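Worksheet: one structure, shown below.
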Amino acid sequence: MKTILILGAGLSSSSLVRYLLNNSSQNNWQVRIVDQDLDLVKRKINGNPNGVALSFNALSPEERRPEIERADIVISMLPARFHIEVALDCIDLK
């Protein structure tokens, strides 16, 4: 199973989350979604068994790096100014 990590579950992530979850069974994906608002993530997952709701501060390297390390694909839906930090973590953790 491939693990997809989405950092941020704001409004702009809704279509992406829906697409990934709708295609998760046929593609053998686990979609892990992080946001500080756990209830928001749970609503977006909407009971899909391949979705995992996580809540932590994705802006904190200490909190996000363990999840990045276990993911096959990382998608940052954080504000653009944080993409570089996330990309550097991805490169560092391979």
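The values are calculated or read from the model by the stated rules, or taken from the named source; none is laboratory data. Keep in mind the model is a prediction, meaning the values are calculated, not measured. Neighbour counts run over all protein chains shown; Cβ positions are idealised from the backbone, glycine included. The accessibility values were calculated without ligands, DNA or RNA, using every heavy atom of the protein model including side chains. Shrake-Rupley method; radii C 1.70, N 1.55, O 1.52, S 1.80 Å.
Can you give the helix-only mean residue ellipticity at 222 nm for the chain, where every DSSP H stretch with n ≥ 4 adds -39500 (n - 2.57) and the sum goes over all residues, rounded to the nearest 500 deg cm²/dmol?
Numbers: 5 runs with 42 residues, N = 94.
The per-residue figure over the chain is -12000 deg cm²/dmol.
Leaving out ligands, DNA and RNA, what percent of the accessible area of the chain is carbon and sulfur, probe 1.4 Å? Before the final figure, lay out the partial values.
Values: 2820 of 5520 Å².
Solvent-exposed carbon and sulfur of the chain make up 51 percent of the total.
Compute the acute angle (0 to 90°) between the alpha-carbon long axis of helix 61-70 and the principal axis of greatest extent of the alpha-carbon atoms of the chain; round to the nearest 10°.
Orientation of helix 61-70: about 50 degrees from the principal axis.
About the Cα centre, and with charges only on the beta carbon of Lys, Arg (+1) and Asp, Glu (-1), how big is the dipole of the chain? Nearest 20 debye, please. Intermediate values should be presented prior to the final figure.
Numbers: 11 positive and 11 negative charges, 74 e Å.
Computed charge dipole of the chain: roughly 360 debye.
Report the relative contact order of region 1-76, percent, no decimals, based on alpha-carbon pairs under 8 angstrom and at least 6 residues apart. Please report the intermediate quantities before stating the final value.
Numbers: 125 pairs, mean separation 31.1, N = 76.
RCO, region 1-76: 41 percent.
Which lysines, on any chain, are close to LYS2 with Cα under 18 Å apart, when same-chain ones fewer than 8 places away are left out?
Of all the lysines, those that pass the test against LYS2 - Cα under 18 Å, at least 8 places apart if same chain - are LYS94.
Taking a cut-off of 17 Å between Cα atoms, list the aspartates and glutamates near LYS44, but don't count ones fewer than 8 places away on the same chain.
Candidates past the 8-residue exclusion: ASP35.
Report the Cα-based extents of region 1-85 along its three principal axes, largest first, to the nearest Å.
32, 24, 18
Per residue, how much accessible area does the chain have with a 1.4 Å probe, in Å²? Working shown, then result.
Values: 5520 Å² over 94 residues.
On a per-residue basis, 59 Å².
Rounded to the nearest 0.05, what FRET efficiency do LYS42 and ASP72 give with R0 = 22 Å and r taken as the Cβ-Cβ distance? Could you check?
Numbers: r = 23 Å, r/R0 = 1.04.
Plugging the Cβ-Cβ distance into 1/(1 + (r/R0)^6) gives 0.45.
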